[in-house]
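**Student:** Have a look at this one.
Coordinate-derived values only; no laboratory data. Model, not experiment: these values are computed from the prediction. Note that we place each Cβ from the backbone using ideal geometry, even for glycine, and neighbour counts take in every protein chain shown.
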Amino acid sequence: MTMTRRDFLSASAALAAAPALGAGAWGAPLPREADIVVIGAGAAGIAAARRVMAANRKVIVVEAAGQIGGRCLTDISTFEVPFDRGARWMHNPDTNPMIRLARNAGLDISTAPLGQKIRIGRRNARAGETEEFLAALVRANRTIDEASRGRTDVSCASTLPKDLGDWAGTVEFVLGANATGKDLKDISAIDKARAQERNAAIACRQGLGTLIAKLGEQVPLALSTPANRIAWSNRDVTVETPSGKIAARAAVITVSSNVLTAGNIKFTPDLPRRQLDAAAKLGLGSYDHIALQLPGNPLGLARDDIIIEQSNSTRTALLFANMGSSSLCSIDVAGSFGRDLSAQGEPAMVAFAVEWLVKLFGSEIASAVKKSSATRWNAAPFALGAMSAAVPGGQPSRKVLTEPIGCMFLAGEATHETLWGTVDGAWESGERAAEAALRRIGALRDEPAASAPAAKRRRAPPPRSAAPGRPLN
Ligand SMILES: Cc1cc2nc3c(=O)[nH]c(=O)nc-3n(C[C@H](O)[C@H](O)[C@H](O)COP(=O)(O)OP(=O)(O)OC[C@H]3O[C@@H](n4cnc5c(N)ncnc54)[C@H](O)[C@@H]3O)c2cc1C
């Protein structure tokens, strides 16, 4: 039986090297001062910088990597089609700002067609089996939602019905590792229940990394320029980079929660313990794409088919086949299994992907692989992981991260209460932090009115209903 995309993706995460898309718009030497300095040119950083520019204030973005995008990174050179090494999907078409921005930037948007399947060994699941799986997913979502209303927060795993039978492992994978990069035992039920439903899978043909790079084209930024030290106070901030110092009246800091806690940026004075503890509770999960070029469609699947398997262990994956009608297939691994596998390196990841496909589709797959490439986000020095998910008890940390620290304002996906782990969540967080910084320097006098439309739209209470497998990516 074929599940609808909503059924399936609703449960699954979606689940990113772009070319160094030029040196950004900044060709001149690093400026010595700005009204607001932004650290990081991922989705949050580009959104923040554009918001400051819209307020006619001087901004400079410093980015450690050699390209714009952060965890949105499109590789256009390895395969015949763009390969998003990080984020791939946009969700919630009615409210997602990235979709409008992509259209306005002249990029092609396509909704992934229906047609997801579950494999049970070498065959597709029958209609009744798929129904059973969806029912198990609904029940699991419901128990997580119910537990999230309890007095104390608990792990998602501790809430699961005990009688999920043959579907327990698949439910665990779909709701845990594949949706958030973490196993359900490591995820807060409240955080998961508060996450806004992610109800469609919309791709950008040129890649989401290409989109963020395009949106950053007019932004003054310095690539390959890590912020090494930030001296801050209530009045101003100085950012030290290998290319010199930048003095500003406020800063928006968009680095991932793992980069923040790793101490790669030194703060003077130190960051408050309150924010460091909060970031630690929002550590990044593990999520990687193993891309295989399989010419001639040896899997016999349709364009953009998504496949999972009935599995009784965490050693499983999600297949996104024949991406955009090409011969490129992505095998996505995540959670504790994905973390251990990626630590073994790219050859081990590719070997697993081939072994997994052989198990599900037959031995001829092994000789069909023409080219491969695997991401290793945990080892990427400026990300150190994939996406944030709160540990049990950690959900309030998201709000803590939005509190001002002197004249510094944190942004990034981890700071969004309902759209964490997404590109649109990162984007909105960047706009919010930029507005807070603009108010701080007196460039916005009104209360958060300027952000009201976006904030209102997004702050609708998350649905409590347990749609089959609420998608988290
Ligand atoms: C494999 C994978 C799949 C995903 N799939 C999806 C999906 O399908 N849909 C979805 O919506 N989301 C998805 N996500 C999540 C999404 O990519 C992130 O939520 C989002 O891109 C985060 O943006 P950000 O701006 O908060 O952080 P980042 O993109 O991490 O940006 C932070 C920036 O700071 C820079 N930086 C770090 N240290 C320094 C320093 N010292 N000085 C200067 N700059 C520094 C980094 O290089 C980076 O560019 C996925 C993520 C991964 C990894």
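**Student:** Any idea what the dipole of segment 303-346 comes to, in debye rounded to 20, about its Cα centre with Lys/Arg Cβ at +1 and Asp/Glu Cβ at -1?
**Tutor:** Result for segment 303-346 is approximately 60 debye, rounded to the nearest 20.
**Student:** Report, for segment 215-278, the % of DSSP beta bridges that are antiparallel, rounded to 5. Please list the in-between numbers first.
**Tutor:** Numbers: 9 of 12 bridges.
In segment 215-278, approximately 75 percent of DSSP beta bridges are antiparallel ones.
**Student:** Please get the size of the charge dipole for segment 125-247, origin at its Cα centre, with Cβ charges of +1 on Lys and Arg and -1 on Asp and Glu, quoted in debye to the nearest 20.
**Tutor:** Magnitude of the dipole: close to 460 debye.
**Student:** Ok, one more. Starting from segment 193-271, pick out the trypsin sites (Lys or Arg not before Pro) whose DSSP state is loop and whose Cβ has at most 12 other Cβ atoms within 10 Å.
**Tutor:** Taking segment 193-271 and a limit of 12 other Cβ atoms within 10 Å, the loop trypsin sites (Lys or Arg not before Pro) found are Arg235.
**Student:** Could you list the square roots of 5 times each eigenvalue of the Cα gyration tensor of segment 21-104, that is, the equivalent ellipsoid semi-axes, sorted largest first and rounded to whole Å?
**Tutor:** Values: eigenvalues 129, 69, 20 Å².
In descending order the semi-axes read 25, 19, 10 Å.
**Student:** Treat every Asp and Glu Cβ in the chain as -1 and every Lys and Arg Cβ as +1, leave all other atoms uncharged, and give the resulting dipole magnitude about the Cα centre to the nearest 20 debye.
**Tutor:** In total the dipole reaches around 860 debye.
**Student:** Apply 1/(1 + (r/R0)^6) to the Cβ-Cβ distance of Lys245 and Phe382, taking R0 = 22 Å, and write down the FRET efficiency to the nearest 0.05.
**Tutor:** That pair, Lys245 with Phe382, gives E of 0.60.
**Student:** Taking only the alpha-carbon atoms of segment 71-146, what semi-axes of the equivalent ellipsoid follow from 5 times the gyration tensor eigenvalues under a square root, in whole Å, largest first?
**Tutor:** Taking √(5λ) for each Cα gyration eigenvalue gives 32, 20, 13 Å.
**Student:** Quick check on my link table: of Lys162/Lys182; Lys192/Lys399; Lys182/Lys281, which ones sit more than 18 Å apart, alpha carbon to alpha carbon? Mind showing how you got there, number by number?
**Tutor:** Details: Lys162/Lys182 20 Å; Lys192/Lys399 15 Å; Lys182/Lys281 13 Å.
In this structure, Lys162/Lys182 lie more than 18 Å apart at Cα.
**Student:** Determine one quarter of the surface area of the Cα convex hull of segment 228-346, which equals its mean projected area, and express it in nm² to one decimal.
**Tutor:** Numbers: hull surface 46.2 nm².
Over all viewing directions, segment 228-346 projects a mean Cα-hull area of 11.6 nm².
**Student:** Hey, any idea what Rg/Rh is for the chain, computing Rh the Kirkwood way over Cα pairs?
**Tutor:** Values: Rg = 21.5 Å, Rh = 22.2 Å.
For the chain, the value is 0.97.
**Student:** Translational D (Stokes-Einstein, µm²/s) of segment 350-456 at 4 °C and 1.567 mPa s when Rh comes from the Kirkwood sum over C-alpha pairs?
**Tutor:** My calculation gives 75 µm²/s for D.
**Student:** If each residue's Cβ is checked for other Cβ atoms within 10 Å, how do Val252, Val358 rank with the fewest at the top?
**Tutor:** Val358, Val252
**Student:** To make sure I understand, if each residue's beta carbon is the centre and we count other beta carbons within 10 Å, what order do Asp166, Asp288, Asp145 fall in, fewest to most? Intermediate values should be presented prior to the final figure.
**Tutor:** Values: Asp166 14, Asp288 28, Asp145 21.
With the fewest neighbours first, Asp166, Asp288, Asp145 line up as Asp166, Asp145, Asp288.
**Student:** So for Met98, Met408, fewest C-beta neighbours within 10 Å to most, what's the order?
**Tutor:** Values: Met98 27, Met408 23.
Fewest-to-most ranking of Met98, Met408: Met408, Met98.
**Student:** Which percent, to the nearest 5, of DSSP beta bridges fully inside the chain are antiparallel?
**Tutor:** Of all bridge pairs located within the chain, approximately 65 percent are antiparallel.
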